[in-house]
Structures are given as structure tokens and as C-alpha cells.
Amino acid sequence: MTSYDRPTTDAHAHPDSSAGPSSAAPGQGAEDAPDGRQVTEAALFEAFGGVRGMVETVVPGLLFVTIFTINKDLHVSAIAALAVSLVLAAVRLVRKDTVKHAFSGVFGVAFGVVFAMMTGNAKDFYLPGMLYTLGLAVAYIVTTLAGVPLIGLMLGPVFKENLSWRTRNPGRKTAYAKASWAWGLILLAKCAILFPLYWWADTTQLGWILIALKIPPFLLAVYLTWIFLAKAPPPIDVFAEMEAKEKAEEEAEERRRTERETLDGVADDLGRNLVQEITAEPPADRPPGGGRHRR
């Protein structure tokens, strides 16, 4: 089981990378807006873990099949694979890097180790990951048929658009549907190769073929996803919209408060003037009653 059969929603980008939308920021000229393809590439690179994530995905399985090919010892092979997964995760923790990909690999290897130990069959080390891949392929296809493609649900937060693509950006919804179809069909093709080998091939043959099929299908799916999204309309930054709305509400509330204070000040001044006029004494040279005398 690997994190590279699926994208993640991890949005912790490096300072020099961008996972935001390809549309220009408010007040930014079109010539200053980031290129859509570059933004898509950076976001996908971050979401899928990059080269380091691929290494963390391949190394445990490669170590397992290498050791098992040499000495046919299930326990040593399984423990070595699990140990290297833990070391990779520990390195990320020490460096305070994103650990999502590493821990995903640890859990996948741990499930395989437990399953193989329980059955005593070394091939069962690979079975949980194969079943996970099959389930994920079905999920990509079913969600796409349901109108909510899984790749969109996963990458929406990375592009800061959440689910706005479903109703407000039909072009991106189409791109996500195409990408989900690509992922689903590629993973199904991978399963169509691996499951017959699980029954017919020995552990060593299955392991080396599985390692060989680890990266190429993943890279193909990521490449097709990049092609579809790079040609799609730019994402709608719903986070920026919410911030702009909150700012506008705060400004409106500030204007209302200022207007109330101004009106209150005018009312106070009028009240004071009226009180002064009422309580003021008449001039001494003018008799009460307006200075008129009855005859």
C-alpha cells in the first residue's frame, strides 16, 4: 500500500513553491500573473510528494524483495522493510518536514508485514496494497460517474478552490473528471497485471514486477492530470473570496460605526444648543413679555 496510488490534500508548500490558483491577485496585471501550467505543476508536485516521496514509496518494497530474493527469510525481509519505513518517517520528523507521505508508507508496510506474518505466505506482504489499489481504482471511477470526481475532492483544497469547481467552474469539473478516469483506468490496468501474478508467480517474481510497476503508472497518471488541469480554466480562490468578503463586512461595519458616532455627536450638539436656548435669561433692557405694555 503506498501513498502514490492516490494524491493527498497536504497543502504545506515550501516557501519557494506555489500551490495557489493561476488567476492573478487583485490589482495584479495579467503580465504579472503566474503561468497556469507552472502553478499546476507546482501544486501537483507538492500534493504527490515529489521525488522524495517516490523514494520513500519504493525503498521499503525494494528492500523486502531484495532480501527475500537472497535468503528467502520472510521475517528478516518484513522487519527490514518496516524498519526502513520508520527511519524515513523519523528523518522527516527530525527535519520538521511534512510526514504525511512517510507515515502513509509506514502504515502500508505495517499492514503488509502483519498480513504476511499471519498467513506465513511472503506474497501476502503485497496483498493489502494490491487490494487498496483496486479499491482506489473503483473509487475514482464510481465518484466520476456520480459527478464528484475523486481527484477534484482531493486537489480542490490544494488549489484553494475547495468544491467551487462543482457548480461555478464547469471547465475544471470536466478536467477533474478526465483526470479521475485516467487514474481509475491506469490503476485497473495495474491490478489486471498484478492479481494474476499473485496466483501464478512466486514471491520474488511478483515483488520485482510490482517494484517495476510502482513509478511508471503513477508518473503517467500525474502527467495526464497535469495536462488536463493546465488546459482547464483557472481555479476560483474561495479562500481569497472569503477573506475579501470578511474585509468588506468589516469596512462596512466600520463605516456604520463612524456614521453612528457622527450622528450621535450632531444630536448631542443640537441637544446642548436647545437646552442653552431654553434656559438662557432674557436681556435686561427688554421687559418680560417681549417689551409690550397694555394700554
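Quick one, what does Rg over Rh come out to for the range 88-156 if you take C-alpha atoms and the Kirkwood Rh? Intermediate values should be presented prior to the final figure.
Values: Rg = 15.8 Å, Rh = 14.1 Å.
We get a ratio of 1.11 for the range 88-156.
Computed over the range 129-249, relative contact order equals 34 percent, with contacts defined as Cα pairs under 8 Å that lie 6+ residues apart. Measuring how big the range 165-236 is from its alpha-carbon positions, Rg and Dmax come out at 16.3, 51 Å. Working value for the range 131-194: equivalent-ellipsoid semi-axes of 24, 10, 9 Å, each the square root of 5 times a Cα gyration tensor eigenvalue, largest first. Per-residue packing, averaged as other Cβ atoms within 10 Å, sorts the ranges 191-201, 111-121, 268-278, 168-178 into the order 168-178, 111-121, 191-201, 268-278, beginning with the highest.
Just so you know, all these numbers are worked out from the coordinates, no wet-lab data involved. From a predicted model like this one, the values you see are computed outputs, not experimental measurements. Backbone-built Cβ (ideal geometry, glycine too); neighbour counts: all protein chains shown.
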